[in-house]
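Please read the structure below before turning to the comments.
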Amino acid sequence: GGNNAGHTVVVDGKEYDFHLFPSGIINPKAISFIGNGVVIHLPGLFEEAEKNEKKGLKDWEKRLIISDRAHIVFDFHQAVDGLQEVQRQAQEGKNIGTTKKGIGPTYSSKAARTGLRICDLLSDFDEFSSRFKNLAQQYKSMFPTLEVDIEGQLKKLKGYAEKIRPMVRDGVYFMYEALHGSPKKILVEGANAALLDIDFGTYPFVTSSNCTVGGVCTGLGVPPQHIGDVYGVVKAYTTRVGIGAFPTEQINEIGDLLQSRGHEWGVTTGRKRRCGWLDLVILKYAHMINGFTALALTKLDILDVLDEIKIGVAYKLGGKRIPYFPANQEILQKVEVEYETMPGWKTDTTGARKWEDLPPKAQNYIRCVENHVGVPVKWVGVGKSRESMIQLF
């Protein structure tokens with residue numbers, strides 16, 4: 001992905017918002033690596049650095065490594081992203097609900113083999129400039145209203161090239177050394193949810209990259225045999241930002257309650273997230289693709305006030321249960337959800353720090369999820385801070 005996704009990380013009471021930076025950048029002992037599968041908007045990267053420096057982030061440039069094979073998001077990609085959304089709205093009466101960060105157009109350039117990468121920017125700048133001009137011209141001919149200050153852009157890019165040069169490495173060789181050198185703990189952070197994956201998500205309301213586990217191999221150059229544990233992160237209820245089918249959505253006071261209690265606004269866009277009951281059909285589908293070894297179930301505390309809690313356990317089409325997750329949006333809009341209803345625990349769980357501290361009804365809810373999905377829950381989140389993560393094993 002790119003800086004369309006956002007992760008909020010709370011450390012020592014400070015709240016950081018990350019978009020391009022790996023979340024590990026806060027840790028002074030960790031080396032952070034932006035892989036080749038990421039598309040990078042350079043002004044966005046430095047803007048993010050500045051925001052987080054104000055919050056106390058230090059020496060990030062000594063800990064950040066950028067793959068020279070990553071594609072570059074240009075300002076005109078972002079402008080085009082906005083123009084395409086306007087076009088979709090006019091032609092189809094609905095858009096995709098992109099973040100207008102230029103992600104789709106950049107991946108389009110990558111697939112069309114007209115994209116430019118970090119290695120191009122740091123190599124022969126004249127060659128880079130002529131390819132940049134060609135790409136800008138292509139977009140200008142497609143979008144006559146698009147204005148591109150070519151010389152101004154190139155001047156800025158030349159400045160960014162010098163700023164990032166010390167951080168850029170051959171990503172494949174870097175990962176190879178990391179995997180084969182002295183033993184290390186390697187944690188890969190994915191952006192976007194499984195249902196936003198270009199291949200497996202609710203197409204066309206998806207992002208343009210593979211945000212499922214296959215992205216570890218293609219987005220970093222890590223061979224499959226090196227993938228160890230795969231952790232699925234799931235809320236105790238389901239949310240979706242932007243449009244697209246959402247079978248367990250609650251357009252009622254339950255949905256409103258989850259939205260307000262869970263502070264469900266997109267980190268990147270500030271859009272309200274749509275909320276609904278936990279959808280185990282989606283979770284099982286994500287497990288089929290990713291093969292989770294364990295789950296982190298977050299935001300359990302948001303459900304603390306509910307009298308009863310429902311869990312979507314199956315989809316029905318024409319009254320019959322279906323064992324798969326429908327690919328087609330129109331069919332997905334038609335599914336009927338079969339729910340299991342459980343009593344709420346009506347207790348504040350935010351102070352819980354170990355399994356025994358959780359009310360029995362909350363424990364039952366967690367066990368119910370494990371049984372249906374067939375994957376153990378390793379962490380339960382009952383608040384924003386690190387201390388609010390209960391580790392079960």
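Here are VAL337, VAL373, VAL369: which of them is buried (at least 17 other Cβ atoms within 10 Å of the Cβ), closer than 26 Å to ASP199 by Cβ and either in contact with a Phe, Trp or Tyr (Cβ under 7 Å, 6 or more places away or on another chain) or free of Cβ contacts under 8 Å to residues at least 40 places away in the same chain (or both)?
Result of the check over VAL337, VAL373, VAL369: VAL337.
Answer yes or no as to whether VAL234 is in a loop (DSSP other than H, G, I, E, B), within 15 Å of the chain's Cα centre (by Cα) and either touching a residue at least 40 places away in the same chain (Cβ under 8 Å) or in the same structural domain as LYS299 (by the TED database) (or both).
The answer is no for VAL234.
Which one is least open to solvent (accessible area, probe 1.4 Å), of the residues in the stretch 340-362 that are within 28 Å of the chain's Cα centre (by Cα) and among the polar types (S, T, N, Q)?
Across the stretch 340-362, the extreme among qualifying residues is THR349.
Check GLN391 against each of (1) in contact with a Phe, Trp or Tyr (Cβ under 6 Å, 6 or more places away or on another chain); (2) crowded, with 18+ Cβ neighbours inside 10 Å; (3) of a type in the set (S, T, N, Q) and name the one condition it does not meet.
Just one mismatch for GLN391, condition (2).
Do we find a residue being touching a residue at least 60 places away in the same chain (Cβ under 8 Å) and closer than 29 Å to GLY215 by Cβ anywhere in the stretch 118-128?
Scanning the stretch 118-128 turns up at least one residue that is touching a residue at least 60 places away in the same chain (Cβ under 8 Å) and closer than 29 Å to GLY215 by Cβ.
Those residues that are open to solvent by less than 20 Å² (accessible area, probe 1.4 Å) and part of a loop (DSSP other than H, G, I, E, B), I need them from the stretch 5-21; list them, please.
ALA5, LEU20, PHE21
Quick one: would you say LYS110 is assigned to a helix (DSSP H, G or I), out of contact with any helix residue (DSSP H, G or I) (no Cβ under 9 Å at 6 or more places or on another chain) and surrounded by 12 or more Cβ atoms within 10 Å (Cβ to Cβ)?
Answer is yes for this residue.
Per-residue answers, yes or no, for (1) more than 30 Å from GLY214 (Cβ to Cβ); (2) over 18 Å from the mean Cα position of the chain (by Cα); (3) not polar (S, T, N, Q):
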{"position": "LYS29", "(1), (2), (3)": "no, yes, yes"}
{"position": "VAL39", "(1), (2), (3)": "no, no, yes"}
{"position": "GLY56", "(1), (2), (3)": "yes, yes, yes"}
{"position": "ALA70", "(1), (2), (3)": "no, no, yes"}
{"position": "VAL73", "(1), (2), (3)": "no, no, yes"}
{"position": "GLN78", "(1), (2), (3)": "no, yes, no"}
{"position": "ARG88", "(1), (2), (3)": "no, yes, yes"}
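Counting only residues that are in a strand (DSSP E or B) and under 25 Å from the mean Cα position of the chain (by Cα), which one in the stretch 294-318 is farthest from GLY276 (Cα to Cα)?
Looking at residues that are in a strand (DSSP E or B) and under 25 Å from the mean Cα position of the chain (by Cα), I get ALA294.
Suppose we keep only residues that are assigned to a loop (DSSP other than H, G, I, E, B) and in contact with a Gly (Cβ under 7 Å, 6 or more places away or on another chain) within the stretch 272-293. Which one would you say is surrounded by the fewest Cβ atoms within 10 Å (Cβ to Cβ)?
Per the stated criteria, the residue is ARG273.
A quick yes/no check of all residues on (1) part of a loop (DSSP other than H, G, I, E, B); (2) open to solvent by 20 Å² or more (accessible area, probe 1.4 Å):
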{"residue": "GLN137", "(1), (2)": "no, yes"}
{"residue": "GLU151", "(1), (2)": "no, yes"}
{"residue": "LEU157", "(1), (2)": "no, no"}
{"residue": "TYR160", "(1), (2)": "no, yes"}
{"residue": "VAL172", "(1), (2)": "no, yes"}
{"residue": "GLU177", "(1), (2)": "no, yes"}
{"residue": "CYS211", "(1), (2)": "yes, yes"}
{"residue": "GLY219", "(1), (2)": "no, no"}
{"residue": "GLY244", "(1), (2)": "yes, no"}
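Please go through the stretch 255-267 and pick out each residue that is open to solvent by less than 40 Å² (accessible area, probe 1.4 Å) and either assigned to a helix (DSSP H, G or I) or among the polar types (S, T, N, Q) (or both).
Selection gives GLY255, LEU258, GLN259.
The values are calculated or read from the model by the stated rules, or taken from the named source; none is laboratory data. None of these values were measured; they are calculated from a predicted model. Backbone-built Cβ (ideal geometry, glycine too); neighbour counts: all protein chains shown. Quick note on the areas: whole protein, heavy atoms, side chains included, nothing else; ligands and nucleic acids left out. Shrake-Rupley method; radii C 1.70, N 1.55, O 1.52, S 1.80 Å.
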